[in-house]
Amino acid sequence: MKEKFYLGTYTKRESKGVYSVILNKETEQLENLTLEAALENPTYLYYSKENHLLFAVGKEHKDAGVTANLTLTSPVKRLSSFYDQQAVPCYIRYNERSHDLLTANYHGGFIELYHYDNKNHSISFVDKKVHSGSSIHENQTAPHVHYTDYTPDEKWIVVCDLGIDTVFTYKRTAEGLEEVAQYKTKAGSGPRHLAFHPTLPIAYLICELDATVEVLSYNNKNGTFRNLDKIALTTEDQQAWGGAIHLTRDGRFVYASNRGFDALYTFSVDASSGLLTLVQTIESYGSVPRDFHLSNDEAYVVVGHQESDNLTLFKRDLETGELTLLQKDFYAPEVVCVVPQ
Ligand SMILES: O=C1O[C@H](COP(=O)(O)O)[C@@H](O)[C@H](O)[C@H]1O
């Protein structure tokens, strides 16, 4: 059995764009790194299984924005692109039902909403919301929108702004986006990414600047959040630089990465409260584990390292959630995002 993963990267040193890699489950090794699309800084990706589409952020000829690619071939086939931003966005999400396409722009401090016409493959602009403000950390002199995605019921759009310690909730209206709520983290936290529990009204927020995971209760009636717990990934002598956060489909385990200590953290989830208990801390075997993803069967975890240019492969114990290293030296340049096909 083989499974493909797509890799979003920076193209500042060695990378040329979007790559794919194969996880061979017989040999339990990664193999066959392939350049799928030449593009400048395609750091974040969204793969749509239903449509075999790969959406990527990126830049060409000094213009930044989004591209849509058909994945029935390798290399993938470019269907369309839309460039209306100056800096490359850092997050992208496509909605298969509404055909909305959302991006978060860290450097510009805004989200953009596009429409993807899946008949003629054109992308059009719908709305843009620019944030304002600052906070106390040296990386918080301006808003830095890091994430935008849907709540599981798709009633709301949630947005993490690392620069102003705020999680925004927006409503999709006929015209575009309307702000409905704000959740404030502790000053200096830097909220980065959010992951929702599949059945409990709970979300897990990873904060980059203080490397913490907040357990939030989520009220789907009005799109608000309330803090239940805040867990530090690091001790005082370790550098705090929170990365990615993902849950298993059964909601029993949460995984997080800290790029300051090059480690992955496994938490078990209390089945009724959603609160977390640390099960394991394991070295990621590379420098700056910016993203990772579980395989589709959730038996493996692939970790991408932005600085040491390697992927690591872990086997996941489906009962305990613990990770065991299988491979640590697979070359992949400047990886920022890992998504399974
Ligand atoms: O996690 C991070 O993301 C931001 C945004 O990415 P970028 O590719 O838009 O620059 C990055 O600037 C920051 O260094 C990093 O910690």
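The values are calculated or read from the model by the stated rules, or taken from the named source; none is laboratory data. Every value quoted in this text rests on a predicted model; they were computed, and no experiment measured them. Using ideal geometry, Cβ is built from the backbone for each residue, glycine included, and neighbour counts are taken over all protein chains shown. Heavy atoms of the whole protein, side chains included, go into the accessibility calculation; ligands, DNA and RNA do not. Shrake-Rupley method; radii C 1.70, N 1.55, O 1.52, S 1.80 Å.
Quick look at the numbers
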{"item": "Lys, Arg +1 and Asp, Glu -1 on Cβ, resulting dipole of region 143-207 about Cα centre, debye, nearest 20", "result": "220 debye"}
{"item": "K16-D237 pseudo-label distance in nm [points 7 Å out on the Cα-to-Cβ vector]", "result": "4.5 nm"}
{"item": "Farthest toward positive dipole pole in the chain [+1 Lys/Arg, -1 Asp/Glu at C-beta], among Y94, V303, H246", "result": "Y94"}
{"item": "Student exercise, the chain dipole from Lys, Arg, Asp, Glu Cβ charges, in Debye to nearest 20", "result": "640 debye"}
{"item": "Accessible area per residue, Å², the chain with all protein chains present, probe 1.4 Å", "result": "40 Å²"}
{"item": "10 °C / 1.306 mPa s Stokes-Einstein diffusion coefficient of region 80-188, Kirkwood radius on C-alpha pairs, µm²/s", "result": "112 µm²/s"}
{"item": "Square roots of 5 times each gyration tensor eigenvalue, C-alpha, the chain, largest first, Å", "result": "26, 26, 19"}
{"item": "Positive minus negative residues near G243 (Lys, Arg vs Asp, Glu; Cβ under 9 Å)", "result": "+1"}
{"item": "Region 262-270 - phi-based ³J(HN,Hα) in whole Hz, Karplus 6.51/-1.76/1.60, Gly and Pro as x", "result": "6, 9, 10, 10, 10, 10, 8, 10, 5"}
{"item": "Convex hull of region 180-283 built on C-alpha atoms - directionally averaged projected area, nm²", "result": "6.3 nm²"}
{"item": "Carbon and sulfur %, accessible surface of the chain computed with the full protein complex present, 1.4 Å", "result": "49 percent"}
{"item": "At 1.306 mPa s and 10 °C, Stokes D of region 1-123 from Kirkwood alpha-carbon radius, µm² per second", "result": "107 µm²/s"}
{"item": "Karplus (6.51, -1.76, 1.60) ³J(HN,Hα), θ = phi - 60°, over region 208-213, in Hz, Gly and Pro reported as x", "result": "6, 6, 10, 6, 10, 10"}
{"item": "Unit charges on C-beta of K, R, D, E only; dipole of region 1-70, Debye", "result": "180 debye"}
